[in-house]
Every structure is written in C-alpha cells, then in structure tokens.
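The values are calculated or read from the model by the stated rules, or taken from the named source; none is laboratory data. Everything numeric in this text was worked out from a predicted model, so none of it was measured. With ideal geometry, Cβ positions are generated from the backbone for all residues, glycine too; neighbour counts draw on all protein chains shown.
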Amino acid sequence: MKILLLGYGKMGKIIERIAVSRGHEISAKIDLNNRDQLAHVTADVAIEFSQPEAAFDNIKFCLENNIPIVCGTTGWLDRLTEVEKLTQTCNGAFFYASNFSVGVNIFFKLNEYLASMIGKQKDYTVHIDEIHHTEKKDAPSGTAITLAEGILKHIPALQKWVKDKAGKADELPISSFRINDIPGTHLVKYSSLIDDIEIRHIAHSREGFAQGAVMVAEWIPGKKGFLSMKDFLQF
C-alpha cells in the first residue's frame with residue numbers, strides 16, 4: 001500500500017518506520033517546506049500528523065482527490081463541521097482520532113463509565129490534568145478534550161470545559177503542562193471532602209499512537225464517511 005505522510009516531525013518519522021516494517025511504501029513525505037509537491041502525489045491512503053494551521057488544507061486536498069485520510073492532528077477542530085460536510089460532498093473517507101492508542105481508547109470508555117456513576121453523586125468535583133512534551137503546540141490536548149466531552153455527556157451539572165481554573169460551578173477545568181520528552185499523561189480526578197478517585201493513562205512512548213494510525217490506514221481503504229476509533233475498534 002502506498003502511504004502519503006502529511007507532516008514529517010517525530011510522529012511522522014515513527015509512522016514511516018512502522019509502516020515500512022509492515023510492508024508498506026511511503027509515496028511522499030510532505031511538510032511545510034515542500035507542500036508545493038503535494039499536487040503531484042499519488043497514494044492509496046494519507047496519514048496526517050502535521051500542524052493545526054496546515055491540517056484543514058491537507059484534509060481538503062485528500063478528500064477532493066479521492067485519497068482516504070487518517071488524521072491525528074489536533075488544534076483545528078473548530079473546522080470539523082466543514083470537514084464532515086466536505087466528506088459527504090466528495091463521498092470520501094475521513095478518519096479522525098484525538099489519540100490512536102488502543103489503550104487510550106479503552107481509557108476513554110472507562111472515563112465515560114466512571115462519569116456515568118459519579119454523575120449520580122453531588123459531593124464530587126472533577127478536574128483533568130494533561131502533560132505533554134514542549135513541542136506540542138496546542139493546549140489542552142485533543143485527548144484531554146475528548147475526556148472532557150465524555151464527562152460532560154454524563155454529568156448534567158457540568159456544561160462546558162475551560163482551560164486551567166473553573167470560574168463557575170458548571171465548568172470542567174483542564175490544566176495543561178509542557179515538559180521536555182514527555183509523550184503524554186492524562187489524569188481525571190474526582191474530589192470530595194471524604195475521598196478522591198483518580199484514573200490515569202501514561203504513554204511510555206509515541207509507538208502506540210503511531211502503530212494505531214498505521215493500523216487504521218490499513219483498514220480504511222474501501223470505507224466511506226466520517227469515521228472514528230469507535231468504528232475501527234467496534235466498541
């Protein structure tokens with residue numbers, strides 16, 4: 001299978017290594033320095049781990065040129081509705097995940113299950129902490145936002161997430177920290193006067209994210225529509 005890499009930073013390089021080890025060919029590696037070459041690329045699928053400011057144009061190019069695209073870039077989701085409409089218009093295949101790690105997606109399910117139980121209680125407040133490497137541009141992380149959305153779905157007293165500190169009782173705070181060489185840590189903490197309940201996911205490397213993206217790229221050819229890890233993992 002010919003894979004187009006959109007974004008060739010640390011994640012792009014790990015994805016390349018894993019894809020080649022699984023027998024795939026990298027047809028092109030496109031970043032901000034050589035984007036003019038994109039018009040000449042042919043590929044069976046694209047994997048997009050670029051920068052927030054480049055993501056939408058990369059996605060648009062792939063959908064308009066009938067290239068299924070697997071996207072892991074965060075920080076551009078204010079245009080997600082546009083991408084959903086474009087996917088339908090082009091009858092294409094677009095796959096987005098804030099995190100491609102199988103373990104993290106199990107963590108998402110656990111987070112929602114815990115929130116559904118805590119939502120019936122009135123004595124707990126909730127807070128999310130996320131820690132990433134200093135090269136990560138957006139904050140909070142897409143993974144933290146996905147965790148927050150899962151909590152909001154099950155706790156009616158909370159209406160929205162906010163960065164850092166909650167100013168109102170209906171706000172869910174997310175604190176972001178950037179530390180050298182940290183692949184990613186996410187903590188969801190419920191606190192009361194009596195006790196604390198915490199769930200935490202710690203990534204030891206970027207390997208899990210990259211391998212998951214390659215596995216999705218192997219799965220997506222022949223699919224249509226706006227797809228997610230729920231479609232891929234079927235839970």
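Tabulated data
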{"quantity": "Matching residues, segment 81-121, being farther than 16 Å from Ser228 by Cα, part of a loop (DSSP other than H, G, I, E, B) and hydroxyl-bearing (Ser, Thr, Tyr)", "calculated": "none"}
{"quantity": "Residue list for segment 51-75, restricted to those being buried (at least 22 other Cβ atoms within 10 Å of the Cβ), over 18 Å from Lys223 (Cβ atoms) and not aliphatic (A, V, I, L, M)", "calculated": "Asn58, Thr73, Thr74"}
{"quantity": "Qualifying positions in segment 211-235 - under 22 Å from Ile26 (Cβ atoms), among the charged types (D, E, K, R) and part of a helix (DSSP H, G or I)", "calculated": "Glu218"}
{"quantity": "Number of positions in segment 134-151 that are surrounded by fewer than 16 Cβ atoms within 10 Å (Cβ to Cβ) and in contact with a strand residue (DSSP E or B) (Cβ under 7 Å, 6 or more places away or on another chain)", "calculated": "1"}
{"quantity": "Members of segment 127-142 found to be in contact (Cβ under 8 Å) with a residue 60 or more places away in the chain and within 17 Å of the chain's Cα centre (by Cα), listed by number", "calculated": "Ile128, Asp129, Glu135, Lys137, Asp138, Ser141, Gly142"}
{"quantity": "One residue from Asn34, Asn66 being more than 21 Å from the chain's Cα centre (by Cα), within 13 Å of Gly12 (Cβ to Cβ) and not aromatic (Phe, Trp, Tyr)", "calculated": "Asn34"}
{"quantity": "Odd one out for Ser50 among (1) in a helix (DSSP H, G or I); (2) free of Cβ contacts under 8 Å to residues at least 60 places away in the same chain; (3) in the same structural domain as Arg17 (by TED's automatic domain parsing); (4) touching a helix residue (DSSP H, G or I) at 6+ places or on another chain (Cβ under 8 Å)", "calculated": "(1)"}
{"quantity": "Subset of segment 152-186 [out of contact with any Ser or Thr (no Cβ under 9 Å at 6 or more places or on another chain) and either within 17 Å of Asn99 (Cα to Cα) or among the aromatic types (Phe, Trp, Tyr) (or both)]", "calculated": "Trp161, Thr185"}
{"quantity": "Looking only at segment 84-106, and only at residues there that are of a type in the set (A, V, I, L, M, F, W, C) and crowded, with 21+ Cβ neighbours inside 10 Å, the one that is farthest from Phe61 (Cα to Cα)", "calculated": "Val104"}
{"quantity": "Filter result for Lys29 (of a type in the set (Lys, Arg), surrounded by fewer than 22 Cβ atoms within 10 Å (Cβ to Cβ), at pLDDT below 95 and outside any helix (DSSP H, G or I))", "calculated": "no"}
{"quantity": "First in segment 114-126 and over 13 Å from His154 (Cα atoms), second anywhere and part of a loop (DSSP other than H, G, I, E, B), Cβ under 6 Å, 6 or more apart", "calculated": "Asp123/Ser192; Tyr124/Ser192"}
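Rundown of residues vs (1) closer than 14 Å to Ser141 by Cα; (2) assigned by TED's automatic domain parsing to the domain that holds Asp123; (3) among the hydrophobic types (A, V, I, L, M, F, W, C), yes/no style:
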site: Ile155; (1), (2), (3): no, yes, yes
site: Ala166; (1), (2), (3): no, yes, yes
site: Ser176; (1), (2), (3): yes, yes, no
site: Asp181; (1), (2), (3): no, yes, no
site: His186; (1), (2), (3): yes, yes, no
site: Tyr190; (1), (2), (3): no, yes, no
site: Glu198; (1), (2), (3): no, yes, no
site: Ala213; (1), (2), (3): no, no, yes
site: Val216; (1), (2), (3): no, no, yes
